[in-house]
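**Student:** So that we are looking at the same thing, I have put the structure below in structure tokens.
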């Protein structure tokens, strides 16, 4: 039996797909890759807030899954809409890499006396409403400009002087192993600069009725990660959000089994931040969303 894995064609997506193949091989399952272009790959001139709909990096892959052209899809979980198409389900999730955002800064734009070590009026590249809102909350003087393209392309634009700094997910940089020694890396604390829900986690999506594939994927599932990402994605769902929503949610579990959840959003105007600790994740998302909406 050889499973067909649907994936995007970017370097990071192919890393994720290759990782999936290794995980499947570990349990004795052979697989092959099917590369699929998504709307997010094809439309490079617009920021996410100017694109219509949801699932910019997932819809075409999900359509292939529904048609039976692939057996499973691998996604960055943060790109996956909270509502699954009829017939599809998230069957398993991966380990969690570093969930934080990192700010990559050109040395000429560094000012160590200021927040995030950014010079006054620095031009920062990001297409994420969440990052824009939080950056301007900390640094109202910053200028923000949309940036699109894969991770190597964004780094090329930064090095070429198009921007003073850019945001990247730590997980993506870690997984690609790119050399950024020529840039200054500011590691942002996810409890303060709150990442996208499920950032750093891969989601494996299947057809709801494909019990054979679902049983196999359960063998590589990380339930302890899922317990936290369920909270994060539930908040996103309760806030009615997609890529355009300026919302960050992060949940972690300590050694004693307690949950600590952090959220930040400008829904309704000014930036609101909240933090709740609980011995259980039950009802935690609802409490976070209620505080953000209050």
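**Student:** Treat the count of other C-beta atoms within 10 Å as a stand-in for reagent exposure and order 239, 271, 1 from fewest to most. Mind dumping the intermediate values first?
**Tutor:** Working: 239 22, 271 14, 1 10.
Least crowded to most crowded, the residues run 1, 271, 239.
**Student:** Report the dimensions of the chain along its three principal axes from the alpha-carbon atoms, largest first, rounded to Å.
**Tutor:** Projected onto its principal axes, the Cα set of the chain covers 58, 44, 37 Å.
**Student:** Would you mind calculating the gained length between residue 258 and residue 275 on full extension (0.36 nm times residue separation, minus the Cα-Cα distance), in nm to one decimal? Don't skip to the answer; put the middle values down first.
**Tutor:** Working: separation 17, 0.36 × 17 = 6.12 nm, distance 1.32 nm.
This chain segment gains 4.8 nm when fully extended.
**Student:** Working from Cα positions, state the angle (0 to 90°, nearest 10) between the long axis of helix 11-26 and the longest principal axis of the chain.
**Tutor:** The two axes meet at around 40 degrees.
**Student:** Also, quick follow-up: What angle, in degrees between 0 and 90 and rounded to the nearest 10, separates the Cα long axis of helix 129-138 from the longest principal axis of the Cα atoms of the chain?
**Tutor:** Computed tilt is about 30 degrees.
**Student:** Most exposed first by the Cβ proxy, i.e. fewest other Cβ within 10 Å, how do 117, 75 rank? Working shown, then result.
**Tutor:** Numbers: 117 17, 75 25.
So the residues, fewest neighbours to most, are 117, 75.
**Student:** Largest first and in whole Å, give the semi-axes of region 101-187's equivalent ellipsoid, each being the square root of 5 times a Cα gyration tensor eigenvalue. Walk me through the numbers on the way to the answer.
**Tutor:** Values: eigenvalues 69, 41, 29 Å².
The three semi-axes for region 101-187 are 19, 14, 12 Å.
**Student:** In whole Å, how far is the Cα centre of region 114-179 from that of region 180-257?
**Tutor:** Going from one Cα centre to the other spans 21 Å.
**Student:** While we're here: Along Cα→Cβ, 7 Å out, is where each label goes; now give me the distance between the ones at residue 238 and residue 25 in nm to one decimal.
**Tutor:** Taking the simple label geometry, residue 238 and residue 25 are separated by 4.2 nm.
**Student:** Only Cα pairs within less than 10 Å get springs; with that Gaussian network setup on the chain, which residue of 273, 208, 130 has the largest fluctuation?
**Tutor:** 208
**Student:** Length gain on complete extension for the stretch residue 286 to residue 63, per 0.36 nm per residue less the alpha carbon to alpha carbon distance?
**Tutor:** Details: separation 223, 0.36 × 223 = 80.28 nm, distance 3.10 nm.
Gain in length upon complete extension: 77.2 nm.
**Student:** Would you please give the FRET efficiency between residue 32 and residue 192, computed as 1/(1 + (r/R0)^6) with r the Cβ-Cβ distance and R0 = 45 Å, to the nearest 0.05? It would help to have the intermediate numbers written out before the result.
**Tutor:** Numbers: r = 42 Å, r/R0 = 0.94.
Once rounded, the FRET efficiency stands at 0.60.
**Student:** Order of 147, 36 from fewest to most other C-beta atoms within 10 Å? Show your work: numbers first, answer last.
**Tutor:** Values: 147 19, 36 22.
With the sparsest Cβ surroundings first, the list reads 147, 36.
**Student:** Figure the gain on full extension for residue 14 and residue 224 (residue separation times 0.36 nm, minus the Cα-Cα span) and round it to one decimal in nm.
**Tutor:** Details: separation 210, 0.36 × 210 = 75.60 nm, distance 2.51 nm.
Here the answer is 73.1 nm.
**Student:** What distance in nm separates the simple spin-label points at residue 2 and residue 159, each placed 7 Å from Cα in the Cβ direction?
**Tutor:** For residue 2 paired with residue 159, the spin-label model returns 3.7 nm.
**Student:** Based on the Cβ-Cβ distance from residue 180 to residue 141, what FRET efficiency comes out when R0 is 22 Å, to the nearest 0.05? Spell out each step's value before the answer.
**Tutor:** On the way: r = 25 Å, r/R0 = 1.13.
So, using R0 = 22 Å, E works out to roughly 0.30.
**Student:** A further question on this structure: What does region 211-294 give for Rg and for Dmax, in Å, if only its C-alpha atoms count?
**Tutor:** Cα only, region 211-294: 14.5, 48 Å (Rg, Dmax).
**Student:** Mind giving me the FRET efficiency for residue 293 and residue 114? R0 is 25 Å, r the Cβ-Cβ distance, nearest 0.05 is fine. Don't skip to the end; give the middle numbers.
**Tutor:** Values: r = 32 Å, r/R0 = 1.30.
Efficiency for this residue pair is about 0.15.
FYI, it's all coordinate maths here, none of it is from the lab. Quantities reported herein were computed from a predicted structural model and do not represent experimental measurements. For neighbour counting, all protein chains shown are included, and Cβ atoms are generated from backbone atoms with ideal geometry for every residue, glycine included.
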